Every structure is written in C-alpha cells, then in structure tokens.
Amino acid sequence: MRGLYIGRFQPYHLGHQAVIHKIVEEVDEVVIAIGSAQVSHTPENPFTAGERMTMIYGALEDLRDRCYIIPLQDVDRNAVWATHVQSMTPAFDLVYSNNPLVVELFAEEGIEVRKPPMYGRESYSGTAIRKLMVEGGDWKNLVPEQVASVIVDIRGVERLVNISRNDISNN
Ligand code: ATP
Ligand code: MG
C-alpha cells in the first residue's frame, strides 16, 4: 500500500513530520508531493522546490527508503488537478489531507482520502513559522533540526525578511 501526502512545505515543520510518522504506521510507502513547486521567493512561498526537497530528505532519516519526494507544479484547473497529480507521482492507493479542496478533488475521482490528526496546529503552521522568521522570533524549535540547518545554510530567514519588505521606504 502506498499513500500520498501533499503540502507546500514552506517550510516542512514538526506537524508535517508527525503526520508522516502516522502515515508510515498505516501504509508501506509514502509519496510526499511538494505542491506549488514552481513558486519561490515570495512571502508565502519563500523556498524553492529543491530547497524543500533537501529539508524533507534530511528530516526523514531512517524513513527515507520508504518515501518518494516529488516536486509538483500547479495546474490552475481544479477540474483536472487530481489527474495531473496522478500523472506525476508513483501510483498511490489513498491520500492523506485535511485541505478541503484536496479532499473534494480526490474524493470525486473515487480515491480514498484519510484526514490525519492535527498536531499542535497553533505553533506547527507554515504561516505562523514564516511570521516568526520575519519578526525575529524563535522558529527553530518548530521544525526538525535538519530543516533548521538547511534554512540557516541558505540564509533563508534573511531572504524572507528581504522579500517581505516593501518599496515605500528605504529600509
Ligand atoms: P501554510 O500556513 O503555509 O498553509 P501549513 O502548515 O498549512 O502551511 P502545508 O504545506 O499547507 O503547511 O500543509 C500540508 C498538509 O499538512 C495540509 O494537509 C495541512 O492540513 C497539513 N498540516 C499542516 N500543519 C499540520 C499540523 N500541525 N498537524 C497536522 N497536519 C498539518
Ligand atoms: Mg496550509
């Protein structure tokens, strides 16, 4: 049995990691699809697909040989999106998601969707973590240590701060 887990992973955090650990209890292999793969360097999507792959690969450790990490470009046509996903991934038997649109689009294709439990959603949230990064808060304890190292190596916080500035003043 193979399960699919889709996210933007901007960045990959401990909530995502807890979901993966839950999924591997239920299926043999997990396809981790990195959505909006073509988008980077924006306040909502600061990291490239390659950077996100590196973060996830590092965090998976001993689960690596049971996971595929696949970058997935957007197609801005919801009606054909589930087929697009299937065309870009190894075959999967079921999907794990809490995103209502993702649930709907796969359910309409007759694919089983399971909703993983939410883990510490107040803090384990991409939006909350990016906000902490911009504000100089403590984000490192909200992501796996390998993810924090990648973000430090690529000067990710500096990038996010820079691209979150506006061009109204000079600072
Ligand atoms: P953003 O705020 O940027 O949307 P996010 O934390 O929701 O970030 P996504 O990449 O959008 O991260 O999430 C991918 C999947 O993981 C979604 O199905 C989302 O519901 C789920 N998810 C996100 N955070 C958690 C969490 N803390 N526990 C369980 N599932 C989560
Ligand atoms: Mg989200």
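Values in this text are rule-based calculations from the coordinates and carry no lab data. Computed from a predicted structure; not experimentally measured. Backbone-built Cβ (ideal geometry, glycine too); neighbour counts: all protein chains shown.
For the reader, a short list of remarks on this structure follows.
- With the highest mean first, a sort of the peptides 49-62, 110-123 on other beta-carbon atoms found within 10 angstrom per residue produces 49-62, 110-123.
- Computed from label points 7 Å out along Cα-Cβ, the spacing between ASP74 and SER123 is 3.1 nm.
- A cut-off under 13 angstrom between Cβ atoms defines the neighbours of LEU14, and their net charge, with Lys, Arg +1 and Asp, Glu -1, is +1.
- For the stretch 2-164, relative contact order (Cα pairs under 8 Å, six or more residues apart, normalised by length) works out to 31 percent.
- Among 16-29, 75-88, the peptide with the highest mean count of other Cβ atoms within 10 Å heads the list, and the full ranking is 16-29, 75-88.
- Contour excess over end-to-end distance, with Cα ends at LEU94 and ASP62 and 0.36 nm allotted per residue: 9.3 nm
- On full extension, the segment bounded by ARG114 and LYS140 gains 6.4 nm, given 0.36 nm per residue less the C-alpha separation.
- The stretch between ILE163 and VAL24, if pulled fully straight at 0.36 nm per residue, gains 46.4 nm over its current Cα-Cα span.
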